[in-house]
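To start, the structure itself, in structure tokens.
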Amino acid sequence: MAWLAELEDQSALIADPDGRAMVLSDQAMAAYRRGDVDADQLCDMLDFAEAARLWALADHEDVA
């Protein structure tokens, strides 16, 4: 699934946490609208997108 590849792209997440989280959220919503995932899976995907954003922000703070 392309969404997982985006989620696993740590360098992109660290470079732009908010932007990448938005891309992940948009892709999750698109998958839901296509019927590729159900509401529970969508919720999980959105939670993972936010967790990835927070991880990237915390990692960026550690580097700075």
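No value in this document is a laboratory result; all are computed from the given coordinates. Keep in mind the model is a prediction, meaning the values are calculated, not measured. Neighbour counts run over all protein chains shown; Cβ positions are idealised from the backbone, glycine included.
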Suppose the chain between ALA12 and ARG33 were pulled fully straight at 0.36 nm per residue; how much longer would it get relative to their current alpha carbon spacing? 5.0 nm
Just flag the trypsin sites (Lys or Arg not before Pro) in the chain sitting in loop per DSSP whose Cβ has no more than 14 other Cβ atoms within 10 Å. none
Spin-label model distance (nm) - LEU4 vs ALA51, 7 Å beyond Cα toward Cβ: 1.5 nm
Please give the net charge around TYR32, taking every other residue with its beta carbon less than 15 angstrom from that of TYR32, where Lys and Arg add +1 and Asp and Glu add -1. -4
Using only the Cα atoms of the range 1-52, what are the Rg and Dmax in Å? 10.4, 31
Near the amide H of VAL37, under 5 Å away, which other amide H atoms are found, from residues 5 or more places off or on another chain, if H is placed in the peptide plane? TYR32
For the Cα atoms of the chain, what angle does the longest principal axis make with the long axis of helix 39-63, in degrees from 0 to 90, nearest 10? 10 degrees
Pop out the ³J(HN,Hα) list for the range 3-17 in order, Karplus 6.51 cos²θ - 1.76 cosθ + 1.60 with θ = phi - 60°, rounded to Hz; leave Gly and Pro as x. 4, 5, 4, 5, 5, 7, 7, 5, 5, 5, 4, 5, 5, 8, x
From the helices alone, meaning DSSP H stretches of at least four residues, give me the mean residue ellipticity at 222 nm for the chain, per-run term -39500 (n - 2.57), in deg cm²/dmol to the nearest 500. -28000 deg cm²/dmol
Residue by residue through the range 20-26, which ³J(HN,Hα) values in whole Hz follow from phi under the Karplus form 6.51 cos²θ - 1.76 cosθ + 1.60 (θ = phi - 60°), with glycine and proline marked x? 5, 5, 5, 4, 4, 5, 4
